[in-house]
1. For the chain, what is the accessible area per residue in Å² when the probe is 1.4 Å?
2. Assuming 0.36 nm per residue, please report the length gained on full extension of the stretch M85 to H204 beyond their Cα-Cα distance.
3. Students sometimes get this wrong: rank I100, I140 by accessible area, probe 1.4 Å, all chains present, largest first.
4. Name the long-range amide H neighbours of R321: under 5 Å, sequence gap of 5 or more, or other chain; modelled H, no Pro or chain starts.
5. Extension gain A74-L117, at 0.36 nm per residue separation less the Cα-Cα distance, in nm?
6. Specify the angular offset, from 0 to 90 degrees and rounded to the nearest 10, of the alpha carbon long axis of helix 272-281 from the longest principal axis of the alpha carbons in the chain.
7. From the backbone phi of segment 229-235, what are the Karplus-calculated ³J(HN,Hα) couplings (6.51 cos²θ - 1.76 cosθ + 1.60, θ = phi - 60°) in whole Hz, Gly and Pro given as x?
8. By how many degrees, 0 to 90 and rounded to 10, does the Cα axis of helix 41-52 deviate from the longest principal axis of the chain?
Amino acid sequence: MITASDSSPFIPPQRAANPVQRDATLGQSRRTALVIGAAGGVGSELCLALLQAGWRVRAFSRHAPQWLATVADASAVEWIAGDAMDSNAVLAAAAQVQVIAHMVNPPGYRDWDKWVLPMLDSTLQAARAVNARVLLPGTIYNFGLPLQQAEGCRVLDEGTPVAPRTAKGAIRVEMERRLQAAAERGDCRVLIVRAGDFFGARSHSSWFAQGILQAGKPVRRLWRLTDPGVGHQWAYLPDVAATMTALLEREAVLPPFACFHMQGHWDQDGMQLLNAVRAVSGQPALPVQAFPWWVLRLASPFVRRMRDLYEMRHLWQQAVRMPNDRLLAELGAEPHTPLQQAMAVTLEGLGCIEHPRREATGTV
């Protein structure tokens, strides 16, 4: 373990070509990625996907990620205890890496206006110093209304103009603007992978794990977040991580600024994901109730967290879908786990069921 500290000044290296290290044992190149926010849901899955693909990983987080204990080759990963707001610590951790994955969010997902852009600036400073590519998971917060209409839902492709309607959306737009500007200046290269709402065994801070059900508790009832009949786009975290890894493997052909949208799992009426929970948990008649958005609205003037969540309601009132044509053209196929198989892993990992129904998944 390496512990990041700002007790002494760090002298940044000169921006260089950053040659890929050679692994003498394997006799082939092994690239290194610094994953900032390695204990979070996306960061955890990305670390595991990169390790499986043969990368070396530097896991940067405040606390030791739980997945560290599961890694077979301990020599391929090192944990760096640090704060993403500490630019010197990030710069030191980034020495000789080829990729910096910016997977970090503010503690408790609060105070975006104080934390998000300074943390990104730390990443950009480090990426410029070591000539790395920055990887960012994109969101649909960037886009407001109106959008292009198609088949009853609104379509977002990589060329859709940004039009944020929330404070979080405006911050996400500024993040991507800074990233694109850095790429255009030649300071670093950038890869953005945009996907739907996350679910997965490590998605504890997601709408799925905190809205539809409650992580750590048996499933007794499900909340439907969407308006009746409204579709929604979801993304299984291991599929997102596999997509990011596959794109990073194509560094030689990616443009300096690259953005791809994932299709993930399209729930055409807001019930497909809920029905998967029913099937995997063995409760076909599990009650489904409309999510009480009115509670968030009433609490919004007094609790900022409730206000921030209520601002996102429009994304559940109207179907928004991202096609993956550009991603398919690049990779040929999108990593995709069948829904019930993904749900079985998700519910077991979140502590909502002990053993998924064998007949529901065909694999467990």
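1. Numbers: 16530 Å² over 364 residues.
With all protein chains present, the chain gives 45 Å² per residue.
2. Working: separation 119, 0.36 × 119 = 42.84 nm, distance 2.29 nm.
Difference between extended and current length: 40.5 nm.
3. On the way: I100 0, I140 30 Å².
If we order I100, I140 from most to least accessible, we get I140, I100.
4. The answer is R154, V155, L156.
5. On the way: separation 43, 0.36 × 43 = 15.48 nm, distance 3.28 nm.
That pair, A74 and L117, stretches by 12.2 nm at full extension.
6. Approximately 90 degrees, to the nearest ten.
7. x, 8, x, 8, 9, 10, 9
8. Result, in degrees: 60.
The values are calculated or read from the model by the stated rules, or taken from the named source; none is laboratory data. Just so it is clear, the model here is predicted, and its values are computed rather than measured. Glycine also receives a Cβ, built like all others from the backbone with ideal geometry; neighbour counts cover every protein chain displayed. What goes into the accessible areas is simple: the full protein's heavy atoms, side chains included, and nothing from ligands, DNA or RNA. Shrake-Rupley method; radii C 1.70, N 1.55, O 1.52, S 1.80 Å.
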